[in-house]
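S.K.: Next up is a structure, given as C-alpha cells.
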Amino acid sequence: MILPQYDSRCGWYEQLDQVSDFPALNGDRQVDLVVIGGGFVGCAAARRMAENRPDAKVLLLEALKIGQGASGRNSGFVIDQPHKRDLESGNEALKQKIVRLNRVAVEYLETQIEHFGIDCQWSHAGKYQAAVGPRGRKHLDHYEQLLQQGGEAYQRLSREEMRSVFGTDFYSAAIHTPGGALMQPAALMRGLADSMPDNVEIAENTAVTSIKRTRDGFELMAGRAHIRCRQLILGTNIFTAELGYMADRILPIMTFASMTAPLTDEQLRRYGGRLDWGITPADHAGTTLRMTQDRRLIVRNSYRYAHDYNTPQALIPQVSARHRKAFDERYPQLSDVAFEYTWGGASGLSGNFETYFGELESNIFASCCDQSVGAARGTISGMMLADMACGRRSDLLCDMQNVSGCPSRLPPKPLLRIGVPMRLAMARFASRSEV
C-alpha cells in the first residue's frame, strides 16, 4: 500500500509562519462519519456535514499535515469556468451547470475566509489565458468563441496591456475572465482546518490502512487507532485505489512548479508589471505563470506519470532547469532572481475525461478524478457528498450528479508506464513553442 509522503519542497507550505497541530489519532474512536483526506473535498465535506448535523460526531483524517498534499501544492487558482474538455462540449446546459457549481464553491470558500479572517492572499483577480505563438493563438481564438457562445464576460488584452500586467513582451495574445479567484493554497487549507466547527475532530499524520464493513457500519485501522463509524466520505483522489476503490480508473499525473524568492524593490522596478495575477496557457501543455501578492513569481510546466504518487528527488534538477529556461525567456531582465522552491503536485485524470462523484457502495461516498481543477470542483464535491450522505436533495446536488460520470477503465499499468510518458513527451514536443 502506497501512502502519501511530504518532501519539504512545497513553497506554499514551507513559507507559512506557523502551523497549528492536530495530533495523530491514538486509541479507539466511535463517530457518525469519517472523512478520509484533508484536501478541498475532505475539508468541505467535514464542514458541510457539521453544518447539516450539528449533533453528529465527524472525524477528519489526514495522512500528512493539512496543506502538504495536493490541495496545498497547486498554483492557487480557484477557477469558475469549465475544464477545457467540458468547455468544448456542445452542451450549453452542461456548461452552465458547471459554472453555477464552481461559483457556489467560490462563494462558499470566500464566506469562510471572510468570517474567520483566513489570511491566504485571496483576491477576485480572475484568470488570464495567454498564447505565445500561432499554435497558442489558435487555441486562444477558439477559447474566445466558446466564451462568446456561453455569454461569459471577458476582455482581450492589447500588447501594451499585457506588458503592463505581466511585465514581459513574451506573450502575443491574452484573454482575461473575471469570475475566478487567486489564493495561497497551503494557507487557505490551514485556515479551513483551524476554523472547523466544534463537532469536527481533525487528526493529522493518521493514514487509514484498512476499511472493513461491519453489520452497523465500518471499522477503520489508522496507525494505532481503531475507528468505528456509520458512514465514510473519501476525499482521497489518486489514493482512492489504495483503499480498494476505483482501481485502474484514476491516472495520477504530477505537474511541477518553481517559486522565486520575493522580488526586491529594485527587481520589482525592472520587472515593471503588476502583482497578483495568474496565467494559464491557451495550449494546455504550455506554461502556467503566477505573480503573488508578496512579489513571488511561479512557473509551472512539465508533467510526469506518477505511478508511485510521489516525486523522485533525482527529477527535481531537470524540472528546475526547464522552469529556469521558461522564466529567463519571459524575464531576461530578472536573471538574478533565484528559485527558492521546486516541487510536484499530483492530480487525478481519467481516460474518458469524466470525474467521479457519488456513492461507491452503501454509505461510502467519494469524489475523485478532478481533472486538474480541484479547488472549486473539490469544494463543491465535498459539500454535495455531505448533503448526499444526509439525504438532502437539492438542485445543486442534481447538477453535481448530472455533470459527473464514470471514469473509464485504464490499460494495465505496465502499458501505462510505457504509453503515458510517450504521450506526455509528444505533447511537450508539439507545444514546445508555448512552454
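The values are calculated or read from the model by the stated rules, or taken from the named source; none is laboratory data. As the structure is a prediction and not an experimental result, all values here were calculated from the model. We place every Cβ from the backbone using ideal geometry, glycine too, and count neighbours over all the protein chains shown.
S.K.: I need the strands (runs of 3 or more DSSP E) fully contained in segment 1-71, keeping only those with at least 1 residues that are of a type in the set (A, V, I, L, M, F, W, C) and crowded, with 21+ Cβ neighbours inside 10 Å.
M.R.: 33-36, 58-61
S.K.: Those residues that are aliphatic (A, V, I, L, M), crowded, with 23+ Cβ neighbours inside 10 Å and out of contact with any Phe, Trp or Tyr (no Cβ under 7 Å at 6 or more places or on another chain), I need them from segment 277-296; list them, please.
M.R.: Of everything in segment 277-296, just one residue is aliphatic (A, V, I, L, M), crowded, with 23+ Cβ neighbours inside 10 Å and out of contact with any Phe, Trp or Tyr (no Cβ under 7 Å at 6 or more places or on another chain), namely LEU289.
S.K.: Right, something else. Scan GLU110, GLU160 and give me the residue that is in a helix (DSSP H, G or I), acidic (Asp, Glu) and surrounded by 14 or more Cβ atoms within 10 Å (Cβ to Cβ).
M.R.: Within the list GLU110, GLU160, the selection yields GLU110.
S.K.: Right, another one. Restricting attention to segment 325-373, report how many residues are touching a Leu at 6+ places or on another chain (Cβ under 8 Å), under 17 Å from ASP248 (Cα atoms) and either aliphatic (A, V, I, L, M) or not in a loop (DSSP other than H, G, I, E, B) (or both).
M.R.: Adding up the residues that qualify gives 7.
S.K.: Filtering segment 91-122 down to residues that are touching a residue at least 24 places away in the same chain (Cβ under 8 Å) and of a type in the set (D, E, K, R), which residue is farthest from VAL78 (Cα to Cα)?
M.R.: It comes out as GLU92.
S.K.: Something else: So how many residues does segment 374-420 have that are under 28 Å from GLY180 (Cβ atoms), among the aliphatic types (A, V, I, L, M) and part of a helix (DSSP H, G or I)?
M.R.: 11
S.K.: Does GLN81 count as within 30 Å of THR311 (Cα to Cα), modelled with pLDDT of 95 or more and in contact with a helix residue (DSSP H, G or I) (Cβ under 7 Å, 6 or more places away or on another chain)?
M.R.: No.
S.K.: Still on this model: Please work out which residue is farthest from ASP283 (Cα to Cα), limiting yourself to segment 116-138 and to residues that are over 23 Å from the mean Cα position of the chain (by Cα) and in a helix (DSSP H, G or I).
M.R.: My answer is PRO134.
S.K.: Moving to a separate point now. Does at least one position in segment 408-431 carry a residue that is more than 25 Å from LEU192 (Cα to Cα), among the aliphatic types (A, V, I, L, M), in contact with a helix residue (DSSP H, G or I) (Cβ under 7 Å, 6 or more places away or on another chain) and surrounded by fewer than 22 Cβ atoms within 10 Å (Cβ to Cβ)?
M.R.: yes
S.K.: Could we say that GLY133 is farther than 19 Å from ILE380 by Cβ, in contact (Cβ under 8 Å) with a residue 24 or more places away in the chain and either small (Gly, Ala, Ser) or buried (at least 18 other Cβ atoms within 10 Å of the Cβ) (or both) here?
M.R.: Spelling it out, GLY133 is indeed farther than 19 Å from ILE380 by Cβ, in contact (Cβ under 8 Å) with a residue 24 or more places away in the chain and either small (Gly, Ala, Ser) or buried (at least 18 other Cβ atoms within 10 Å of the Cβ) (or both).
S.K.: Taking GLY180, is it at pLDDT below 95, touching a Lys or Arg at 6+ places or on another chain (Cβ under 8 Å) and surrounded by fewer than 20 Cβ atoms within 10 Å (Cβ to Cβ)?
M.R.: So GLY180 fails the test.
S.K.: Please pick out the residue among ASP308, ASP336 that is on the phi < 0 side of the Ramachandran plot, acidic (Asp, Glu) and more than 23 Å from the chain's Cα centre (by Cα).
M.R.: Within the list ASP308, ASP336, the selection yields ASP336.
S.K.: Right, here's the next one. Which of (1) over 23 Å from the mean Cα position of the chain (by Cα); (2) modelled with pLDDT under 95; (3) crowded, with 17+ Cβ neighbours inside 10 Å does GLN149 not meet, given it meets every other one?
M.R.: Every condition holds for GLN149 apart from (3).
S.K.: For GLY351, indicate whether it is modelled with pLDDT of 95 or more and of a type in the set (Gly, Ala, Ser).
M.R.: So GLY351 fails the test.
S.K.: Whether any residue in segment 218-229 is within 30 Å of TYR305 (Cβ to Cβ) and not in a strand (DSSP E or B) is what I want to check.
M.R.: Checking segment 218-229: at least one residue is within 30 Å of TYR305 (Cβ to Cβ) and not in a strand (DSSP E or B).
S.K.: Being assigned to a helix (DSSP H, G or I) and within 15 Å of PRO421 (Cβ to Cβ) is the filter here; which residues of segment 307-321 pass it?
M.R.: Passing the criteria: LEU315, GLN318, VAL319.
S.K.: If you don't mind, there's one more thing I want to ask. Look at segment 222-261 and say how many of its residues are without any contact (Cβ under 8 Å) to a residue 60 or more places away in the chain and over 22 Å from the mean Cα position of the chain (by Cα).
M.R.: Here the count works out to 1.
S.K.: Go through segment 171-213 and report how many residues are within 30 Å of GLU14 (Cα to Cα), over 23 Å from the mean Cα position of the chain (by Cα) and part of a loop (DSSP other than H, G, I, E, B).
M.R.: 4
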